[in-house]
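Enquirer: Take this structure, written in structure tokens, and hold onto it; I'll ask about it next.
The values are calculated or read from the model by the stated rules, or taken from the named source; none is laboratory data. In this text, all values refer to a predicted model and were calculated from it rather than measured experimentally. Note that each Cβ is placed from the backbone with ideal geometry, even for glycine, and that neighbours are counted across all protein chains shown.
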Amino acid sequence: MAIPIIVQIRWRPDTDGPSSECSRIGQAVAPNKTWQSHRGCSDDGHLQLGATDRVEDLPSTPGTYRVIEIDFSVFNDGRGYSLARQLRTQYQYAGELRATGDIRIDQADMLARCGFDTLELPADTDMAQLETAINAITVHYQADVQLGSGSVS
Amino acid sequence: MYIYNEPDRALLAQRTEQFAGQVNRYLAGELAEDEFQQLRLRNGLYMELHAPMLRVAIPYGLLSSGQLRALARVARTYDRGYGHFTTRQNIQFNWPKLEQVPQLLADLSQVEMHAIQTSGSVVRNITSDPLAGVAADEIEDPRPWCELLRQWSTLHPEFNWLPRKFKIAVTGARHDRAAVRFHDIGLQVVDEAGSDTVFRVWVGGGLGRSPFMGQIIHERLPGAQLLNYVEAILRIYNLEGRRDNKYKARIKILVNALGIDTFKTKVDSEWALIQKVQSGLSGEVVEQMRAHFVESRYDPSAPGKSGRLTFDCDRNADFARWVAHNTTLHRVPGYRIIYASLKAPGAAPGDLGAKGMEALAGFAERYSFGEIRVSHEQNLLLAHVRETDLYDLWQGLRIHRLATPNIGTLTDMICCPGADYCSLAHASSLDVSSMINQRFDDLDHLYDLGDISLKMSGCINACGHHHLGHIGILGVKKRDEHWYQLTLGGAPGNDGAIGKRLGPAFSADEIVEAIERILRAYLAWRRPRERFIDTWRRLGNTPFKEAVYGDTHHRTDTLAA
């Protein structure tokens with residue numbers, strides 16, 4: 001099986017509307033995954049979490065990790081989205097937050113809006129389709145209704 | 001009503017285009033079946049027995065004349081000329097072609113309508129009191145809060161992959177007409193004069209396979225914290241709701257497994273963390289939203305002309321009967337709320353043809369500020385009709401068979417599309433509703449039976465809310481035949497209760513006779529002016545069981561509920 005690629009999602013800096021801070025572009029920065037992930041913290045500061053893990057049970061404060069991976073065993077299990085929101089908003093985790101496992105390009109936008117900045121995707125991912133998917137919706141109600149909610153930047 | 005602003009329109013246009021792209025990728029073989037299923041469900045598209053079924057959202061049941069006309073055009077262009085209004089105030093089209101759905105949605109987006117989150121494991125259409133803003137018993141108009149919740153829950157990035165569907169209902173009246181106790185979250189404005197809006201919050205209600213009444217999780221939630229609190233509930237549910245079994249995945253199962261106190265503790269601690277990073281709704285935002293729903297077009301001279309109504313009633317008994325049954329008082333003197341009955345004899349409950357939609361759109365423009373409402377009971381309402389216009393309106397409604405004076409009676413039944421259309425259903429519901437209509441076609445008999453609600457679901461998913469009917473009918477299947485189970489004593493409102501099963505199921509040939517026996521027993525046992533539900537509460541299931549099954553208990557075959 002081909003080695004998955006890591007895609008970094010950057011937040012678009014320009015503003016073209018009230019919710020433009022949520023616009024992003026997709027960009028592949030690391031085509032080869034070189035490290036072996038495993039549950040728990042590895043030597044180089046990686047922590048892997050699954051859907052049943054809870055942020056409040058982490059062995060150390062989230063800020064001590066360089067990369068936190070959240071694994072999706074199946075794409076329609078949404079627990080990882082809440083874990084990401086908690087890490088970013090309540091624990092002010094500022095390191096890399098990576099989504100791995102069964103994730104689909106149509107989910108990239110919402111994953112990013114919950115705070116993921118890198119995605120591990122199949123090697124044959126169509127980057128043009130991914131960019132289309134990420135940029136499909138640039139207007140977000142959550143920011144309209146309640147400033148700050150939903151727009152984790 | 002709420003008018004879209006530029007961001008609203010932009011979001012809808014983007015979402016419409018996004019979904020069109022997903023459909024095209026699926027048709028081109030670029031999107032896996034399992035993924036497309038999830039994506040199409042999040043946009044209201046089911047694959048049903050004969051064709052796709054598309055459920056279009058009608059937020060809290062409120063429509064403009066222009067929107068109803070657009071629904072009529074959709075019915076004509078993409079369907080077989082009709083639509084089906086649902087118990088969740090939405091409308092379903094049973095015959096669109098998958099290839100045409102993107103264009104259908106593009107057409108609807110022109111009138112600010114869509115199918116976003118009308119199915120799938122997401123927050124569904126926010127439902128409310130059909131009398132919102134016009135009811136005499138209202139504490140506060142719930143619609144601004146409904147719209148705030150609608151916007152907040154639309155494409156919320158965190159809650160697009162919940163364990164199961166999630167339904168929220170809001171009422172601002174003393175009498176609950178939105179069945180808030182039977183929703184995943186129910187919100188009821190608390191009557192506290194002079195203070196800012198305060199909600200009583202219910203959680204964990206729901207029907208389906210395991211019906212539960214909601215429990216109170218917060219007695220006095222400040223309106224400013226509404227979205228933060230709902231977010232806390234949804235986050236706990238998203239993280240802890242069961243995902244191993246779809247029949248155990250609703251929040252009601254989680255709440256009951258943990259117990260309301262433990263669940264509340266979890267929600268409260270999450271809420272506290274959320275409040276550290278997110279302020280609540282500002283008074284300004286709430287006020288701006290309220291301004292959308294202020295109705296100021298009432299004619300101040302209307303009350304002085306009320307004598308006309310008495311005059312019209314005196315000269316026409318049919319009209320008087322319609323006024324008595326299909327209209328109700330408005331909070332503004334001189335105006336009435338009228339119900340257009342979608343339960344004419346022979347009609348499938350909740351169905352309306354394109355001509356009827358267009359006629360109602362016209363009546364709404366002429367008589368009711370161009371606004372139409374959909375009720376949970378699957379009727380349509382014109383909420384602001386001058387009493388002096390009632391006679392003309394009645395004549396117009398009659399031409400379109402929308403004036404059957406049966407609101408609140410036995411034949412005003414709630415009914416899902418059943419096995420004739422739905423791939424989930426076990427039994428046909430439309431045949432039974434039509435048999436009931438034929439058997440109970442005498443209006444005087446119906447009026448004698450009085451206030452009585454009959455609700456029917458074609459399967460245990462309970463789209464017809466059979467648990468909440470004074471008389472509930474549940475379609476089941478055994479040996480490839482359609483059978484029907486009866487429950488008695490359900491109610492959706494302040495006196496909410498889940499109906500109790502009467503006994504073994506009936507065949508299609510027996511079910512109407514069984515209902516007739518129940519009603520004969522009621523007529524024999526009732527006290528003066530006692531409603532069916534009150535007689536049942538006084539006597540319980542047992543005597544009704546004997547009246548229906550007799551002493552012989554000849555039927556030995558039972559069905560698992």
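Enquirer: Select, from B:R40, B:R69, B:R80, B:R76, the only residue that is without any contact (Cβ under 8 Å) to a residue 60 or more places away in the chain, surrounded by fewer than 22 Cβ atoms within 10 Å (Cβ to Cβ) and not in a strand (DSSP E or B). Break it down stepwise before answering.
Expert: Working: B:R40 fails: surrounded by fewer than 22 Cβ atoms within 10 Å (Cβ to Cβ); B:R69 fails: without any contact (Cβ under 8 Å) to a residue 60 or more places away in the chain; B:R76 fails: without any contact (Cβ under 8 Å) to a residue 60 or more places away in the chain.
Answer to the selection: B:R80.
Enquirer: Could you check B:H482 against (1) crowded, with 18+ Cβ neighbours inside 10 Å; (2) under 17 Å from the mean Cα position of the chain (by Cα); (3) not in a helix (DSSP H, G or I) and say which number it fails?
Expert: Exception for B:H482: condition (2).
Enquirer: On to the next question. Enumerate the pairs (first residue in the range B:273-284 and facing chain A (nearest Cβ under 7 Å); second residue anywhere and surrounded by 12 or more Cβ atoms within 10 Å (Cβ to Cβ) and charged (D, E, K, R)) with beta-carbon separation below 9 Å, excluding pairs fewer than 6 apart on the same chain, so at least 6 apart or on different chains.
Expert: B:Q278/B:E231
Enquirer: OK, next. Which of the residues belonging to the range B:198-243 are at the interface with another protein chain (Cβ under 10 Å from one of its Cβ atoms) and either acidic (D, E) or outside any helix (DSSP H, G or I) (or both)?
Expert: Matches in the range B:198-243: B:E231, B:E240, B:G241, B:R243.
Enquirer: Could I ask something else about it? Could you check how many residues of the range B:491-526 are part of a loop (DSSP other than H, G, I, E, B) and over 19 Å from B:E546 (Cα atoms)? It would help to see each step written out before you state the result.
Expert: Filtering the range B:491-526 down to residues part of a loop (DSSP other than H, G, I, E, B) leaves B:492-496, B:498-499, B:502-505, B:508-510, B:526.
When the remaining residues are screened for being over 19 Å from B:E546 (Cα atoms), the result is B:492-496, B:498, B:508-509.
Here the count works out to 8.
Enquirer: Just to be sure before I move on: is B:R290 of a type in the set (D, E, K, R) and touching a strand residue (DSSP E or B) at 6+ places or on another chain (Cβ under 6 Å) in the structure I sent?
Expert: On the way: of a type in the set (D, E, K, R): yes; touching a strand residue (DSSP E or B) at 6+ places or on another chain (Cβ under 6 Å): no.
Spelling it out, it is not the case that B:R290 is of a type in the set (D, E, K, R) and touching a strand residue (DSSP E or B) at 6+ places or on another chain (Cβ under 6 Å).
Enquirer: Does at least one position in the range B:154-165 carry a residue that is closer than 23 Å to B:L39 by Cβ, among the hydrophobic types (A, V, I, L, M, F, W, C), touching a helix residue (DSSP H, G or I) at 6+ places or on another chain (Cβ under 6 Å) and in contact (Cβ under 8 Å) with a residue 60 or more places away in the chain? Reasoning before the result, please.
Expert: At the first step, the residues of the range B:154-165 found to be closer than 23 Å to B:L39 by Cβ are B:154-165.
Filter once more, so that each one left must be among the hydrophobic types (A, V, I, L, M, F, W, C): B:155, B:159, B:161-162.
Then drop every residue that is not touching a helix residue (DSSP H, G or I) at 6+ places or on another chain (Cβ under 6 Å), which leaves B:159, B:162.
Pick out the ones that are also in contact (Cβ under 8 Å) with a residue 60 or more places away in the chain and you get B:159, B:162.
Yes, because at least one residue in the range B:154-165 is closer than 23 Å to B:L39 by Cβ, among the hydrophobic types (A, V, I, L, M, F, W, C), touching a helix residue (DSSP H, G or I) at 6+ places or on another chain (Cβ under 6 Å) and in contact (Cβ under 8 Å) with a residue 60 or more places away in the chain.
Enquirer: May I ask you to verify whether B:G241 is modelled with pLDDT of 95 or more and at positive phi? Give the steps one after another, and end with the answer.
Expert: Details: modelled with pLDDT of 95 or more: yes; at positive phi: no.
Spelling it out, it is not the case that B:G241 is modelled with pLDDT of 95 or more and at positive phi.
Enquirer: I've got another one for you. Under 6 Å by Cβ, and 6 or more places apart or on different chains, what pairs join a residue from the range A:48-69 that is over 15 Å from A:R85 (Cα atoms) with one that is outside any strand (DSSP E or B) and among the polar types (S, T, N, Q)?
Expert: Matching pairs, first to second residue: A:Q48/A:S37.
Enquirer: Let me ask something else. Can you list the strands (runs of 3 or more DSSP E) lying wholly within the range B:340-455 that have 2 or more residues being touching a helix residue (DSSP H, G or I) at 6+ places or on another chain (Cβ under 7 Å)?
Expert: Fully inside the range B:340-455 and qualifying: B:371-374, B:380-386.
Enquirer: Shifting gears a bit: B:E295: modelled with pLDDT of 95 or more and among the charged types (D, E, K, R), yes or no? Before the answer, list the steps.
Expert: On the way: modelled with pLDDT of 95 or more: no; among the charged types (D, E, K, R): yes.
Considered against the rule, which asks whether it is modelled with pLDDT of 95 or more and among the charged types (D, E, K, R), B:E295 comes out as no.
Enquirer: Inside the range B:274-293, can you point out the residues that are more than 24 Å from A:R88 (Cβ to Cβ) and in contact with a Ser or Thr (Cβ under 9 Å, 6 or more places away or on another chain)?
Expert: B:V286
Enquirer: If you check B:I233, B:I253, which single one turns out to be out of contact with any helix residue (DSSP H, G or I) (no Cβ under 8 Å at 6 or more places or on another chain) and on the phi < 0 side of the Ramachandran plot?
Expert: On the way: B:I233 fails: out of contact with any helix residue (DSSP H, G or I) (no Cβ under 8 Å at 6 or more places or on another chain).
Just one listed residue meets the conditions, B:I253.
Let's see how each residue does on (1) within 28 Å of B:L162 (Cβ to Cβ); (2) hydroxyl-bearing (S, T, Y); (3) assigned to a loop (DSSP other than H, G, I, E, B):
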residue: B:P96; (1), (2), (3): yes, no, yes
residue: B:Q103; (1), (2), (3): no, no, no
residue: B:I116; (1), (2), (3): yes, no, yes
residue: B:S121; (1), (2), (3): yes, yes, yes
residue: B:A132; (1), (2), (3): yes, no, yes
residue: B:A135; (1), (2), (3): no, no, yes
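Enquirer: Just to be sure before I move on: is B:D176 farther than 25 Å from B:L11 by Cα, at pLDDT below 95 and not in a strand (DSSP E or B) in the structure I sent?
Expert: On the way: farther than 25 Å from B:L11 by Cα: yes; at pLDDT below 95: no; not in a strand (DSSP E or B): yes.
For B:D176, the condition - farther than 25 Å from B:L11 by Cα, at pLDDT below 95 and not in a strand (DSSP E or B) - is not met.
Enquirer: Residue by residue through the range B:43-66, note down the ones that are part of a helix (DSSP H, G or I), of a type in the set (G, A, S) and in contact with a helix residue (DSSP H, G or I) (Cβ under 9 Å, 6 or more places away or on another chain). Explain how you work it out, then say what you get.
Expert: Narrowing the range B:43-66 to residues part of a helix (DSSP H, G or I): B:59-61, B:65-66.
Subset that is of a type in the set (G, A, S): B:61, B:65-66.
Passing the criteria: B:S65, B:G66.
Enquirer: Right, next: I need the full set of residues from the range B:87-115 which are farther than 22 Å from B:E371 by Cα and under 23 Å from the mean Cα position of the chain (by Cα), in order please. Give the steps one after another, and end with the answer.
Expert: Restricting attention to the range B:87-115, the residues satisfying the condition of being farther than 22 Å from B:E371 by Cα are B:94-104, B:106.
Across the range B:87-115, the qualifying residues are B:N94, B:W95, B:P96.
Enquirer: Does B:G186 satisfy the criteria of being farther than 18 Å from B:T328 by Cα and either of a type outside the set (V, I, T) or away from every other protein chain (no Cβ under 14 Å) (or both)?
Expert: So B:G186 fits the description; yes.
Enquirer: Of everything in the range A:87-100 that's of a type outside the set (G, A, S), free of Cβ contacts under 8 Å to residues at least 60 places away in the same chain and surrounded by fewer than 23 Cβ atoms within 10 Å (Cβ to Cβ), which residue is farthest from the other protein chains (Cβ to nearest Cβ)?
Expert: Taking the range A:87-100 and keeping what is of a type outside the set (G, A, S), we get A:87-93, A:96-98, A:100.
Subset that is free of Cβ contacts under 8 Å to residues at least 60 places away in the same chain: A:87, A:90-93, A:96-97.
Retained after the next criterion (residues that are surrounded by fewer than 23 Cβ atoms within 10 Å (Cβ to Cβ)): A:90-93, A:96.
On the way: A:Q90: 5, A:Y91: 9, A:Q92: 9, A:Y93: 13, A:E96: 19 Å.
Among those residues, the one meeting the criterion is A:E96.
Enquirer: Right, something else. Here are A:D71, A:D109: which of them is in contact with a strand residue (DSSP E or B) (Cβ under 9 Å, 6 or more places away or on another chain), of a type in the set (D, E) and assigned to a helix (DSSP H, G or I)? Reasoning before the result, please.
Expert: Details: A:D71 fails: assigned to a helix (DSSP H, G or I).
Result of the check over A:D71, A:D109: A:D109.
Enquirer: If I filter the range A:129-142 down to residues being among the hydrophobic types (A, V, I, L, M, F, W, C) and within 12 Å of chain B (Cβ to nearest Cβ), which single residue comes out as farthest from B:Q22 (Cα to Cα)? Talk me through it step by step, then tell me what you get.
Expert: From the range A:129-142, those among the hydrophobic types (A, V, I, L, M, F, W, C) are A:130, A:133-134, A:136-137, A:139; that's our starting set.
This time we only want the ones that are within 12 Å of chain B (Cβ to nearest Cβ), so: A:133-134, A:136-137, A:139.
On the way: A:A133: 9, A:I134: 13, A:A136: 11, A:I137: 13, A:V139: 19 Å.
So, considering only residues that are among the hydrophobic types (A, V, I, L, M, F, W, C) and within 12 Å of chain B (Cβ to nearest Cβ), the one farthest from B:Q22 (Cα to Cα) is A:V139.
Enquirer: Related question: Could you tell me which numbered condition A:I105 fails, if it satisfies all but one of (1) of a type in the set (V, I, T); (2) touching a Lys or Arg at 6+ places or on another chain (Cβ under 8 Å); (3) buried (at least 21 other Cβ atoms within 10 Å of the Cβ); (4) more than 8 Å from chain B (Cβ to nearest Cβ)?
Expert: All conditions pass for A:I105, except number (2).
Enquirer: Among (1) of a type in the set (D, E, K, R); (2) within 14 Å of chain A (Cβ to nearest Cβ); (3) assigned to a loop (DSSP other than H, G, I, E, B), where does B:R150 come up short?
Expert: Checking B:R150 against (1) of a type in the set (D, E, K, R); (2) within 14 Å of chain A (Cβ to nearest Cβ); (3) assigned to a loop (DSSP other than H, G, I, E, B), the one that fails is (3).
Enquirer: Just one of B:L221, B:L207 is buried (at least 22 other Cβ atoms within 10 Å of the Cβ) and either in contact with a helix residue (DSSP H, G or I) (Cβ under 9 Å, 6 or more places away or on another chain) or not β-branched (V, I, T) (or both); which is it? Let's see the steps before the verdict.
Expert: Working: B:L221 fails: buried (at least 22 other Cβ atoms within 10 Å of the Cβ).
The match here is B:L207.
Enquirer: From the list B:A403, B:A427, which one is in contact (Cβ under 8 Å) with a residue 12 or more places away in the chain, more than 24 Å from B:R308 (Cα to Cα) and either small (G, A, S) or surrounded by fewer than 18 Cβ atoms within 10 Å (Cβ to Cβ) (or both)? Show your work before the answer.
Expert: Working: B:A403 fails: more than 24 Å from B:R308 (Cα to Cα).
It is B:A427.
Enquirer: Checking the conditions here, which among B:R331, B:R401 is over 21 Å from the mean Cα position of the chain (by Cα) and either within 28 Å of B:D79 (Cβ to Cβ) or among the polar types (S, T, N, Q) (or both)? Break it down into steps so the answer makes sense when it comes.
Expert: Details: B:R331 fails: either within 28 Å of B:D79 (Cβ to Cβ) or among the polar types (S, T, N, Q) (or both).
Answer to the selection: B:R401.
Enquirer: Filter the range B:6-37 for residues that are more than 9 Å from every other protein chain (Cβ to nearest Cβ) and loosely packed, with under 14 Cβ neighbours inside 10 Å and give the result.
Expert: Residues satisfying the conditions are B:N24, B:L27, B:A28, B:G29, B:E33.
Enquirer: Which condition number does B:P59 fail, the rest of (1) free of Cβ contacts under 8 Å to residues at least 60 places away in the same chain; (2) within 14 Å of chain A (Cβ to nearest Cβ); (3) within 26 Å of B:C463 (Cβ to Cβ) being met?
Expert: All conditions pass for B:P59, except number (1).
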